[in-house]
Structure formats: C-alpha cells, structure tokens
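The values are calculated or read from the model by the stated rules, or taken from the named source; none is laboratory data. Not measured: the values here are computed from a predicted model. FYI the Cβ positions are ideal-geometry reconstructions off the backbone, even for glycines, and counts take in every protein chain you see. Heavy atoms of the whole protein, side chains included, go into the accessibility calculation; ligands, DNA and RNA do not. Shrake-Rupley method; radii C 1.70, N 1.55, O 1.52, S 1.80 Å.
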Amino acid sequence: MTSTEENGSARRSTHWFGARGRSGMLYRSWMRNQGFSDEVFDGRPVIGIAVSGSELAPCNAHLTRIAESVKRGVWQAGGFPLEFPVMALGETVLRPTAMLYRNLLAMEAEELMRANPLDGVVLLSGCDKTTPGLLMAAASTDLPALMITGGPMLNGKFRGEDIGSGTHVWKFEEEVRAGRMTEADCAFAESCMSRSNGHCMTMGTASTMACMAEALGMQPPYAATWPAVDARRYAAAQRSGRRIVEMVEQDVRPSSIMTREAFENAIRVNAAIGGSTNAVIHLLAIAGRLGVELSLDDFDTLARDVPTLLDLMPSGRFLMEDFCYAGGLPAVVAELGDLLHTDAPTVTGEPIGAAARTAECHDREVIRSIDDPFQPAGTGTAVLRGNLAPSGAVVKQSAASPHLLVHRGRARVFESPEEYYAVAEDPDLDVDADTVLVLRNCGPAGYPGMPEVSNVALPSKLLAQGVSDMVRICDGRMSGTAYGTVVLHTAPEAAVGGPLALVRDGDEISLDVPARSLTLHVDDAELERRRAEWTPPRPHSDRGWVRLYCERVLQADRGADLDFLVGSSGHEVPRESH
C-alpha cells in the first residue's frame, strides 16, 4: 500500500483502507464484494453520500437519483464515493411529527459519519427536518461537507390557477367547511397540487431550509430553487461531487463556513424571503452544535431592518418555480447588498457575494427591489416576550392579519388539538371574533415533538360569519406553508410548567406585536396560586426514543435539541476493533 502511505496517510479513511496486516485486509476484502477494484484503496478521498430518500418521505423519494449524479462527480475528481442511507423524515406522512425525530436523524447521521471511513460528506435532503438534521450532524462531526437539497415540486395547477402545497390545503379546507367549495371539487384540486418529485413549492419550511442552507454557505448558489425535476439540479449535484473532493484536499470544514456571520446572513435572508418560523428553531439548533453564539432575540434584532422581497405563498401570490425563473436566491442576496456579510465563505470556495455580483432579477413581480419591497422592513418574524412567554414566542407577521397584530381578547383554552377539534364544529361554541384561542401541551416535551398544529382551523360558526382569522397562541409550531395570526413556540411550554399551563377560560390576553409583548392579565398572586395547583402531565413513554427525547429535549428558544448533543463532538476515529 505504498501509494496510500505517500498520498493519503493523513486522511481518516487510511485508518481503514490503508491499514497494514489483518485489519486492513478485512476492511478492503469486504468492500471488494461490491466489485470495487484495487485502485479505490490507493489513498484517494472517500466521500460519503448521505441519502435520506424513501418512498415513505415523498419529498425525498428522488434523492437516490441525485446521489447517482453526485457519484459521477466524485469519480471524475478522483474520489471514492460511497452512498449510505439516513432516516427519511417526511412531515407529510410521519406521526406524530417529523420534528420528534429530527434530533434522532442528526444523531444517527453523526454516528455514521464518525464510525465509517469517510473523509468528506455530501448531504442529500429534502423535506423539512432532513435539511437541519443533516446540517446538525455535519456541524457535530465537522468533516468537510456540503449539501444538495432535492428541490421544490413544479407549481400546482387547478383550473387555470397556480396552487401551492400546504397553503391551498388550508384554504380549500376552509372553503369546504364554509360551504363555498364542494367535496368533489376539493378532491380534484388535491390531485392537481403535487405534480412532480420534490418538496413543497410554497415558501414552507422545506423551501425555507433549502434557502437557509444556501444562505449559510453550505449549498451551492441557485441549488435551493431549481425544481426537483430540472436537469440543472442534477448537473449541480455532479459538480458538487467534484467539489467535495477538492474540499477534502483543502480541509474546508463546516465550522469554517457556518460562522456567526453566516448565521446573521441566514436570518436576514429568511426575513427577505418571508421564510418559515421553523427556521428559527432549526438555525438555533445548528448554531448550538457549532458553539456559535446565537439567541432568539437575534432573529428579531437582525430582521427588523430587512423588508420582505418575495411575493410567494403563503404570504403572497407566487411559488418556488417562479422564484427560480426570476433569479433564485443569488438575486435576493444581490438586492440585500450591504445588509449581508457578502464576504462570508461558502462551499464553492468563493464568498456568498460572488454569485450575487452576476445575478440578475428577471421578474420584479416575484423578487421585488429593496426600494419597492413586497412588505416593508420590520414585517418578518417577530420575537415576543411577556409574562405569558418569559423565554419568548414568535409570530410570522407577513402571514398574519394586520388588524390583529394589536389585540386584546378573552382566552378559550384547549388542552390539545384533539380537544379543540372535538368542538370546533359546535354552533354553540363560546367564541367570537375577538376570542384568543389558546392551544397548549404541543411543545417539544408536551406532544411530544412540537408538531405543526398551532394554526388550528377556525370554528365553523365564525367561518359562517365571514371571519377569516383570529389570534391563536400555542407552544407548538405551524407549517411554513400556513398563514394566520398565530403566536408560536411559546416558551417555556405548558408541559414543563410554563405560564401557558396556567391560563384559564375567560382570562384576558393582550398581543402587541409592534411592542413585542404577550401579556396574560392575571396578577402574580393568582398565577402563583394556580401554579401550586398545577401537576405535570404523565410521561408519554417509559422506554425508547420518546422517553429519551422528552427527558433531555431543550425548549424552543434553544432550538429543541437534546441537551447532551449541544457542542461539536469532532470526527475522531473509533478504536480499532480487530
């Protein structure tokens, strides 16, 4: 193995394939049963391709095809590509929520990267939780890594109208419940919504996190927006296969790319694109793995002077395919200009501003200029605090109704989504347009997993009256494809004794988004009396992952990671087993 000693002795993979004697023979001989020839063990970089593809995760089902393109690029650059599966987390199918398993994916992928003979990794993701989960794993191991997301579906089409995944699910449901759409028409519209491989084509969490991967510098420019079926996505995957080999040679690691400046860029880009509130939790978790100082308040402070530039659903009219053709994320980066750290490094080897210098906007209806934005600065995600959310809560202003951003109403409390939906159709339900719906026990430990249930459909009696929105407060999340005046991520959550657990029917609650406040109008003495009477809910499970998750999960304001996974663990080679 002379060539290994001369060319690759410093690489992790040589501890396996370049080893002398029995141990090296064992590693190489078993790999040979796949038909690999001698030269792949000559010390060349071994590149893992983490594939979260599965037919149980529709957004990710095509990733095995993208992996083939990555392999071509790795071979071209003289590397040795090895594909390996990681958990596929499809929020569209998985119960109770894919968020319950994001940390498990991160843990699994981290351990697979560390335990195997890999010098670098290409991360293939798609649906909401796979993108942050794999970035968390890459942050923890800090091996050279880059990401290619699976891309959005083509625009939905229904009777001459563009329809968006998720967003129109909520809209059509309300239309049917209000008697303005038939069940048959809704069923036909359903078949028109998801026309190709790919994740949500609205600016939901999947599209948001793809843009965040690009804004962080971990995904090549334009790769967040090319449709899943666009040939350019496969060409980008092939180029990424070549690039990851160069990154191994240059020792370019996630910790050198995902810096504090990169996270500041991501937060401001998220504001500009009208991105999902779920990005808050995911970016906090990724930063926590790297040891980057990032707080919930940063999302408010950094976004206040950033206008919303994209006219995309759920806040606007267009979809990701339109965003792609209008110029993609580099056109947004170019428009933001000095609001970003344009010299922040990326996986391409060039700063994020490099692609922006040549980027053009081809449709000013989709990507608005900073001088003529879709929504003015200060209308992005707002962080609220007060005696109802001492550790913070968030609201997506661009998806909320302006007349409800300052509101006071009496609470109607529900212990779970199931309890609410059991009475939502009741014509005698004691609610009116000013009522504040309080939904609790939906946080990280409470549900468990912090599901996307906060934007509960409005009571039927109010829909019949023409009410289209009302204030809802929850310790859970909502889909990035959803809309409405919904206060989310209220922390601490009810299940661990947060103030949300103490709210009772009839209590007055004030929401003041401009003042960033969320107030329960009950005096401290009464709250202390209620707290003394409060008992924690029974554990969801006494075994397995759910028990571990509930015992060790952090609150939403800290990214809902597991407490013992915060901080980088590195990629030390495991001890010899032979």
Search result, residues across segment 427-438 that are more than 21 Å from Leu488 (Cβ to Cβ) and open to solvent by 60 Å² or more (accessible area, probe 1.4 Å): Pro427, Asp428, Asp430, Asp432
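Among the residues in segment 28-45, are any within 30 Å of Leu283 (Cβ to Cβ) and either among the aliphatic types (A, V, I, L, M) or open to solvent by less than 30 Å² (accessible area, probe 1.4 Å) (or both)? Steps first, answer last, please.
Start the filter on segment 28-45 by keeping residues that are within 30 Å of Leu283 (Cβ to Cβ), which leaves 45.
Now narrow it down to the ones that are either among the aliphatic types (A, V, I, L, M) or open to solvent by less than 30 Å² (accessible area, probe 1.4 Å) (or both): 45.
Yes, that holds for at least one residue.
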Need the failing condition index for Ile370 against (1) touching a Pro at 6+ places or on another chain (Cβ under 7 Å); (2) closer than 20 Å to Leu462 by Cα; (3) of a type in the set (A, V, I, L, M), just the number. (2)
Quick check on my filter: what residues within segment 107-142 are surrounded by 24 or more Cβ atoms within 10 Å (Cβ to Cβ) and more than 29 Å from Cys550 (Cβ to Cβ)? Leu118, Asp119, Gly120, Val121, Val122, Leu124
Mind listing just one residue for me: the one in segment 173-221 that is of a type in the set (Asp, Glu) and in contact (Cβ under 8 Å) with a residue 40 or more places away in the chain and, of those, most open to solvent (accessible area, probe 1.4 Å)? Glu173
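With respect to Met258, determine if the residue is in contact (Cβ under 8 Å) with a residue 60 or more places away in the chain and either open to solvent by 10 Å² or more (accessible area, probe 1.4 Å) or out of contact with any Leu (no Cβ under 6 Å at 6 or more places or on another chain) (or both). Don't jump to the end; show me each part of the working.
Details: in contact (Cβ under 8 Å) with a residue 60 or more places away in the chain: yes; either open to solvent by 10 Å² or more (accessible area, probe 1.4 Å) or out of contact with any Leu (no Cβ under 6 Å at 6 or more places or on another chain) (or both): no.
Spelling it out, it is not the case that Met258 is in contact (Cβ under 8 Å) with a residue 60 or more places away in the chain and either open to solvent by 10 Å² or more (accessible area, probe 1.4 Å) or out of contact with any Leu (no Cβ under 6 Å at 6 or more places or on another chain) (or both).
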Provide a single number: the residues in segment 31-69 that are touching a strand residue (DSSP E or B) at 6+ places or on another chain (Cβ under 8 Å) and of a type in the set (Lys, Arg). 1
What's the number of the only condition in (1) in contact with a Lys or Arg (Cβ under 8 Å, 6 or more places away or on another chain); (2) within 27 Å of Arg516 (Cα to Cα) that Val347 fails to meet? (2)
Per-region count, segment 313-335, residues in contact with a helix residue (DSSP H, G or I) (Cβ under 6 Å, 6 or more places away or on another chain) and over 18 Å from Pro220 (Cβ atoms): 3
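Report yes if Arg44 is closer than 30 Å to Thr131 by Cβ, modelled with pLDDT of 95 or more and part of a loop (DSSP other than H, G, I, E, B), otherwise no. Don't jump to the end; show me each part of the working.
On the way: closer than 30 Å to Thr131 by Cβ: yes; modelled with pLDDT of 95 or more: yes; part of a loop (DSSP other than H, G, I, E, B): yes.
Yes.
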Over segment 326-339, the set of residues surrounded by fewer than 24 Cβ atoms within 10 Å (Cβ to Cβ) and in contact (Cβ under 8 Å) with a residue 40 or more places away in the chain is Ala326, Gly327, Pro330, Glu335, Leu336, Leu339
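Just to be sure before I move on: is Leu104 within 18 Å of the chain's Cα centre (by Cα), within 24 Å of Ile286 (Cβ to Cβ) and open to solvent by 20 Å² or more (accessible area, probe 1.4 Å) in the structure I sent? Talk me through it step by step, then tell me what you get.
On the way: within 18 Å of the chain's Cα centre (by Cα): yes; within 24 Å of Ile286 (Cβ to Cβ): yes; open to solvent by 20 Å² or more (accessible area, probe 1.4 Å): yes.
When the stated conditions are applied, Leu104 passes them.
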Index of the failed condition, Arg72 passing every other in (1) crowded, with 24+ Cβ neighbours inside 10 Å; (2) of a type outside the set (Asp, Glu); (3) in a helix (DSSP H, G or I): (1)
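What residue, of Asn455, Asn441, is modelled with pLDDT of 95 or more and crowded, with 22+ Cβ neighbours inside 10 Å? Let's see the steps before the verdict.
On the way: Asn455 fails: modelled with pLDDT of 95 or more.
The conditions single out Asn441.
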Got a number for residues in segment 261-278 being open to solvent by 10 Å² or more (accessible area, probe 1.4 Å) and without any contact (Cβ under 8 Å) to a residue 60 or more places away in the chain? 0
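Suppose the filter is open to solvent by 10 Å² or more (accessible area, probe 1.4 Å) and among the basic types (Lys, Arg); does Arg239 pass it? Even if it seems obvious, please write down each step before you answer.
Values: open to solvent by 10 Å² or more (accessible area, probe 1.4 Å): yes; among the basic types (Lys, Arg): yes.
The answer is yes for Arg239.
Would you confirm, using the coordinates I've provided, whether Gly160 is open to solvent by 30 Å² or more (accessible area, probe 1.4 Å) and of a type outside the set (A, V, I, L, M, F, W, C)?
Against the criterion (open to solvent by 30 Å² or more (accessible area, probe 1.4 Å) and of a type outside the set (A, V, I, L, M, F, W, C)), Gly160 qualifies.
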State whether one or more residues within segment 58-65 are open to solvent by 30 Å² or more (accessible area, probe 1.4 Å), over 21 Å from Thr202 (Cβ atoms), assigned to a helix (DSSP H, G or I) and charged (D, E, K, R). yes
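Tell me which residues, restricted to segment 412-426, are assigned to a loop (DSSP other than H, G, I, E, B) and open to solvent by less than 20 Å² (accessible area, probe 1.4 Å). Steps first, please.
Of the residues in segment 412-426, the ones assigned to a loop (DSSP other than H, G, I, E, B) are 415-416, 422-426.
The one that is assigned to a loop (DSSP other than H, G, I, E, B) and open to solvent by less than 20 Å² (accessible area, probe 1.4 Å): Ala424.
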Here are some residues: Ala356, Ala399. Which one is at pLDDT 95 or above, within 30 Å of Arg317 (Cβ to Cβ) and open to solvent by less than 60 Å² (accessible area, probe 1.4 Å)? Ala356
